Amino acid sequence: MTTALTLAGPADAARVADLMGRYHQEAGHPYDEAHRAAVVDPLVDGSPLGAIWLIGPQRAPLGYVMVTFGWSVPLGGMVGWLAEVFIRPSVRNRGIGTEVVHAVAVSLREAGMKAMHAHMTEPDSDAGRFCRKVGLTTADPVTLLTDRL
């Protein structure tokens with residue numbers, strides 16, 4: 001792999017939150033700073049429920065990858081959810097995202113993860129095409145049901 005990938009820690013929280021703010025603005029998500037802190041802080045503090053990796057130089061990252069973790073009975077173990085991938089617009093379309101998602105997936109597979117999932121509301125969007133490019137495929141038809149607690 002040619003692009004540096006660093007597991008984000010507590011000292012990286014502000015950098016991650018800044019990148020996440022850029023992604024949320026670009027994607028039209030209404031999340032504010034408090035929401036981003038609630039997402040980022042536990043993960044960079046070592047929560048076993050997910051991880052965030054900085055892409056490129058740690059002091060001036062090009063983006064980030066966030067994976068959250070769950071457990072699957074059918075797959076017999078830990079699964080990951082590709083929650084967010086963001087690459088700064090000025091360095092997109094160079095294969096960086098594909099390279100780092102593959103590297104994260106390989107690392108997590110070696111740690112025992114059974115599968116990587118992604119939620120997709122618009123399969124024909126840029127995000128949908130990116131997910132297919134990195135190897136995510138449509139599984140058996142499943143409907144996600146949610147009870148917001």
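The values are calculated or read from the model by the stated rules, or taken from the named source; none is laboratory data. Because the structure is a prediction, the values reported are computed rather than measured. These accessible areas exclude ligands, DNA and RNA; they are computed on the full protein's heavy atoms, side chains included. Shrake-Rupley method; radii C 1.70, N 1.55, O 1.52, S 1.80 Å.
Rank ILE96, ILE55 by accessible area, highest first, at a 1.4 Å probe radius?
Numbers: ILE96 25, ILE55 0 Å².
Accessible-area ranking of ILE96, ILE55, largest first: ILE96, ILE55.
Can you tell me the accessible area per residue over segment 1-104, all protein chains present, probe 1.4 angstrom, in square angstrom? Intermediate values should be presented prior to the final figure.
On the way: 5430 Å² over 104 residues.
That works out to 52 Å² for each residue.
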